[in-house]
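Okay, so here's the structure we're looking at.
The values are calculated or read from the model by the stated rules, or taken from the named source; none is laboratory data. These numbers were taken from a predicted model, which means no experiment stands behind them. Positions of Cβ are generated from backbone atoms using ideal geometry, with glycine treated the same way; all protein chains shown enter the neighbour counts. The accessibility values were calculated without ligands, DNA or RNA, using every heavy atom of the protein model including side chains. Shrake-Rupley method; radii C 1.70, N 1.55, O 1.52, S 1.80 Å.
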Amino acid sequence: MNFGFGAPVRTRGMAGERTYSESPSRVDLPATVAVRADHEGDVRGVVVRMRPMGTYRLFGVPMSEWHQTDLDPSDLLPHGLRHLPRMLEEADAQGRAAILDAALPRLMAGHRGAQAVRIAPEIMLAWHELHRTQGRIRIGRLAAQLLWSRRHLERRFREQIGHPPGAIARVLRLTHAFRLQLRGVPLAKVAVLAGFHDQAHFSHAVREATGLTPGRLPLGGAGPINWQAEPAPAAAGAGTEAGGDG
């Protein structure tokens, strides 16, 4: 969730439809394709990094109903917190942290006790297991471990995460593969270790997610892509991290 106060940031997916979005402030679902961001001029703002379950708890809106992948935070905030962006813009760095510390629990408290915003323990377990296996567990097996049908798991996961578990698993497998590439592991071995059938399957998955071949990926740290995957959550809380100007 980004509250922007300066020039707008233009983002586009690097694969698939490659749709463009231009806005100073936005809330995003977890990305399943690489995204590039460009801007001109002064960019200032506050970034709050949240796990998907935290976003679900904060806003109380099933993430499967987010028909846009990027939304303005003001469109999701309740009436009593619509002034939050202006308060953040007018405060200094220390003041912004204090404002968020006060506002985010208040936002969650507004939904407390509502059945629609409870995080299902099974979804938390599924999220942990996907991260533990780096996306290499089969979704049918994951559903069986939870004593759910695959269809039920996919419906509840999409509701609370925004994407089906298979999409998150692919991101985790690719992230693991890119880290192996960074260590100099040959592509054929990368494919096997990351859970792909073979090198051709890995290359196809990379093109679908990035629009590039594995050999053209900017993995040296100077490119526009950040392959850092978030760690598995320790609890079902919001899991927020606030960042300052940047």
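Values for this structure:
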item: Inter-label distance for Ala144 and Met14, nm, one decimal - labels placed 7 Å from Cα along Cα-to-Cβ; result: 3.6
item: Phi-based couplings in Hz for segment 181-189 (Karplus 6.51, -1.76, 1.60; Gly and Pro marked x); result: 4, 4, 7, x, 6, x, 4, 4, 6
item: Selected from Trp66, Ala103, Gly80, residue furthest toward positive end of dipole (segment 40-155; charges at beta carbon); result: Trp66
item: Counting all C-alpha pairs of segment 15-167, share separated by more than 25 Å (%); result: 40
item: Estimated D of segment 94-191 in µm² per second, where Rh is the Kirkwood radius over Cα pairs and Stokes-Einstein applies at 10 °C, 1.306 mPa s; result: 100
item: Carbon plus sulfur fraction of accessible area for segment 10-103, probe 1.4 Å, in percent; result: 45
item: Within segment 1-140: Cβ-based charge dipole about Cα centre, in debye rounded to nearest 20 (Lys, Arg +1; Asp, Glu -1); result: 540
item: Reciprocal of mean inverse Cα separation for segment 1-52 (Kirkwood radius, Å); result: 11.7
item: Prolate/oblate/rounded call for segment 73-112, Cα gyration tensor, a/c under 1.5 rounded; result: oblate
item: Built amide H within the under 5 Å cut-off of Val43, gap 5+; result: Ala7
item: Restricting segment 71-169 to trypsin sites (Lys or Arg not before Pro) in coil, as DSSP defines it, with at most 15 other Cβ within 10 Å; result: Arg82, Arg112, Arg118, Arg136, Arg138
